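Student: Structure below; questions to follow.
The values are calculated or read from the model by the stated rules, or taken from the named source; none is laboratory data. As the structure is a prediction and not an experimental result, all values here were calculated from the model. Don't worry about glycine lacking a Cβ; one is built from the backbone with ideal geometry, like all the others, and counts go over all protein chains shown. To get the accessible areas, we keep the full protein, side chains included, count just its heavy atoms, and leave off ligands, DNA and RNA. Shrake-Rupley method; radii C 1.70, N 1.55, O 1.52, S 1.80 Å.
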Amino acid sequence: MAAIPINLIVEQKADFEATFTISGANNVALDLTTFSAAAKIKKNYTSSTSTNFAVVFLDRTAGRLKLTMDSFNTSMLKEGRYVYDIVITNTVSGAKRRVVEGQITVTPGVT
């Protein structure tokens, strides 16, 4: 299964969240019961620094998870274009899969 490309917008100085449904074969929701997940944002693919998203499982059996970042952390991001991805790890086998990837546009905030 290839990673699904989804582009996002993050507003500086505001809380961010995005919800995803991870699908497996035949577009059926993937049961994430035995999986952990991690997600990062970087300025570009070769950047040595990154910022983590918090990953919350909303409904593991339905493949639903949410990325969040609080306003403090979004305020630390400079305006511009970034890349991100979500990687799930099977906690039984250790196998890792990138399930979502894309670009993020960080828009400036005033307040």
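Student: Using a Gaussian network model of the chain whose springs link C-alpha atoms within less than 10 Å, name the residue from V28, V56, V87 with the highest mean-square fluctuation.
Tutor: Result for the chain, Cα springs under 10 Å: V28 fluctuates most.
Student: While we're on this one: Which semi-axes, in whole Å and largest first, does the equivalent ellipsoid of region 69-111 have when worked out from the alpha carbon gyration tensor as the square roots of 5 times its eigenvalues?
Tutor: On the way: eigenvalues 178, 31, 6 Å².
Result for region 69-111: semi-axes of 30, 12, 6 Å.
Student: Turning to a different aspect of this structure: Roughly how many debye, to the nearest 20, is the charge dipole of the chain about its Cα centre, given +1 on each Lys and Arg Cβ, -1 on each Asp and Glu Cβ, and no other charges?
Tutor: Working: 12 positive and 9 negative charges, 65 e Å.
The dipole magnitude comes to about 320 debye.
Student: Express the carbon and sulfur contribution to the solvent-accessible surface of the chain as a percent, rounded to the nearest whole number, probe 1.4 angstrom. Each step should come with its number before you reach the end.
Tutor: On the way: 3360 of 6690 Å².
Reported share for carbon and sulfur atoms: 50 percent.
Student: Can you list residues whose amide H is under 5 Å from I4's amide H, if they're 5+ apart or on another chain and H is modeled 1.01 Å from N?
Tutor: V100, E101
Student: Check F35: other-chain or 5+ apart residues with amide H under 5 Å from its amide H, H built from backbone geometry?
Tutor: Close amide H contacts, sequence-distant or interchain: T91.
Student: Next question, about the same structure. Taking the Cα atoms of the chain alone, what are Rg (to one decimal) and Dmax (as a whole number) in Å?
Tutor: 14.3, 46
Student: Taking the solvent-accessible surface of protein heavy atoms with a 1.4 Å probe, what is the per residue accessible area of the chain in Å²?
Tutor: Details: 6690 Å² over 111 residues.
Normalised by residue count, the accessible surface of the chain is 60 Å².
Student: Using +1 at the Cβ of each Lys and Arg and -1 at the Cβ of each Asp and Glu in the chain, identify which of F53, A14, T111 lies farthest towards the dipole's positive end.
Tutor: Value computed over the given set: F53.
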